[in-house]
1. If a residue counts only when it is more than 48 Å from the chain's Cα centre (by Cα) and either closer than 12 Å to L588 by Cβ or among the polar types (S, T, N, Q) (or both), which strands (runs of 3 or more DSSP E) contained entirely in the range 430-511 have at least 2 such residues?
2. State all residues of the range 355-386 that are closer than 22 Å to L338 by Cα and aliphatic (A, V, I, L, M); if no residue qualifies, say none.
3. What's the total number of residues in the range 523-580 that are without any contact (Cβ under 8 Å) to a residue 60 or more places away in the chain and not in a strand (DSSP E or B)?
4. If you take the residues in the range 285-308 that are in a strand (DSSP E or B) and over 20 Å from V319 (Cβ atoms), which one is nearest to the chain's Cα centre (by Cα)?
5. Among the listed residues V269, V311, identify the single one that is touching a residue at least 40 places away in the same chain (Cβ under 8 Å), of a type outside the set (G, A, S) and assigned to a strand (DSSP E or B).
6. Of the conditions (1) surrounded by 17 or more Cβ atoms within 10 Å (Cβ to Cβ); (2) assigned to a strand (DSSP E or B), E340 clears all except one; give me its number.
Amino acid sequence: MSDRAQSRRRIRPWLRAGLGLVLLLAGTALGAWIWRVELAGYVLVRVIEGQGLGPVAVRLEAVEGDRFIARDLSLRGGALRLDRLEMGFTLADLFDRRIETLALQGLRLDLEQGEAGWLAGGKPLFEAPAGEGAGDPLGGLRIGAFIVADTAVTLRRPAGSLTATLDTTLALGGTGIEGAALTATLSGPLAGAPRAVVLTATGMTLALDAGGGIRLGLLGVAATEAGLPWALSGADLTLGLAGDAIDLAVRTAEVRNLQQPALLIPMSVSLNAGLKGSTLNVAAQARGRDLPALALDLGGDYDMAADRATVKLALAPLVFAPKGLQPQALSPAFGGGLSEVSGRLALTGTVTFDKGKLTSALDLALGDGGFVADVVTVSGVSGKIRITRPWPLATAARQRLSATVASGSEKAVLDVTGQVLSPTRLRIDRLAIGAAGGEMVAEGMEADLARSRLAGRFEVRRLDLAEVTRLIGIEGLAGTGSLDGVIPLEVDGGQFAIRSGRLSAAGPGTLYYRPGNLPPQIAGAGAEMDLTLRALSDFRYQSLELGLEKAPDGQGHVQLSMTGANPGVLDNQPFTFNIRIESNFARLADLVLLGLRSAQDLLGRAAGSVKP
């Protein structure tokens, strides 16, 4: 046998073996292509379960070259569900736990708060695979572009479940996630009511740890809630979740009121908050964005299980001046009816929200305050008011406030002790009006500011007769002496009434009566008219009484009753007079209404501004 034949005989087995191997590889490759969906599904399940996310159920729809599409994905026994998943991959990358792109549509993640953190399917959300260190909670998984659309995450807590929906594009790897713009909606029981907060951010980061903790960072956050007239913008936010605790830090945030006109000017806010169990602790600082003098510090806690919150706040003292700071610079909604506001204002205390009921223990300190409202000028306002409900406005009982009120030629010093029952109702324990050289005091009244309604019995003390005659508007009547008595007053809208008022002179005095238009009793006196006028021109009374009557919608009158004499008439012969004189009591009505209108202007605007 030749050497060539022997060589062919030696090579033939290797050729047959090589051909068989080629056929085997070709068959294997053909099988891998035919069963590529099943193979990719097997690899996918292995990779996902390798991350501790099993049991896994998935239906692969297609495997096309370097990508595949899956539907109806379920992880952790249904704690995470997904409508559609599209992934760019190679088999080598999958075995190496690398994914180029991953797009999720219709993700539903159900998390439950546990003692060890947030749980998915009864296990920590991110659980390190067996045999791997705790430094990488993702088990080495890397995702270049992680696209999330129509995602909903539910956080089940004892205090109530929260649901967040979001859309974003992320990059995942190592111990964290980085994302671009994000849009999300957070819904559930927030601040004592069901709410839906719409949130956007210009960027985000998400750091994960093996113990199930999460730290979320959001940049350029903007947020609104349809039920609240407030908006947040420009905030940098950090949110951490670990065990049963959540912490939140907000920096460089701007808060704006959306009402027109605005309740408050834009504020720069920083905040730190922590939630452990069902208790939320908050500390915040707010400063006027364009007015740093407006400075508010607050801190408190909210028990979500009990639905009860307590907040301590302190407003830095504000100093108003007619040519300086005015309330409209702080709150455009305060209204333009008040001008030339002056004085010092400070507010400290606590506000409590308990099962839908809002109460407070706020101390409002006013010093040397004043303002002009229409034709009324108020000055010297001072007092310390305990506010028991910020909205609708209410105060504690027997609060005291003093002020000087003027309108035209009328001026009165007010000293009121009472209670604000609502922005339109006042309970007046004691109202003292210093005017006409004396004082008018009423007790036990209620004022309806909405209808300008007031009824009370005013005790009159030491009123100067000359001032009284001017106030009740009797032409040509003047005199000396002081009066005491009672004036029952009723005010209803624009109508003013006096029922059986009586004023009596405290002692002898002098009365001068020189009317331009004679009352009927004098005009009808015939031959005695001249004698009567002479006697009244310089009448030295021993007793004097004024009876006051006025119907709400008609002309009033004064019944002048007195005894005495004129030294120049009939050798000081005694006279007794009973004279009815018509009067509309316009000046007296203005004096009483001054205080009522002042309270109406101040409280009405303040309460109208304080709305949530």
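1. Values: elements: 438-448, 453-464, 477-479, 482-492, 495-505.
Result: 495-505.
2. As a first pass, look at the range 355-386 and keep what is closer than 22 Å to L338 by Cα: 364-385.
Matches in the range 355-386: L364, A365, L366, V372, A373, V375, V376, V378, V381, I385.
3. Number of matching residues: 28.
4. Initial filter on the range 285-308 (in a strand (DSSP E or B)): 285-288, 295-303, 308.
Narrowing further to those that are over 20 Å from V319 (Cβ atoms): 285, 298-303, 308.
Values: Q285: 15, L298: 13, G299: 15, G300: 15, D301: 17, Y302: 16, D303: 19, R308: 16 Å.
Looking at the filtered set, the residue picked out is L298.
5. Details: V269 fails: touching a residue at least 40 places away in the same chain (Cβ under 8 Å).
Of V269, V311, the one residue that is touching a residue at least 40 places away in the same chain (Cβ under 8 Å), of a type outside the set (G, A, S) and assigned to a strand (DSSP E or B) is V311.
6. Failed condition: (1).
So that you can scan it fast, the table gives a plain yes or no per residue for (1) surrounded by fewer than 17 Cβ atoms within 10 Å (Cβ to Cβ); (2) over 27 Å from the mean Cα position of the chain (by Cα); (3) without any contact (Cβ under 8 Å) to a residue 40 or more places away in the chain:
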residue	(1), (2), (3)
P194	yes, no, yes
A226	yes, no, yes
P229	yes, no, no
S233	yes, no, yes
G243	yes, yes, no
I246	no, no, yes
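Computed from the coordinates by the stated procedures, all read-outs in this text should not be read as laboratory data. In this text the structure is predicted, and so the values were computed from the model without any measurement. All Cβ positions, even for glycine, are placed from backbone atoms using ideal geometry, and neighbour counts span all protein chains on display.
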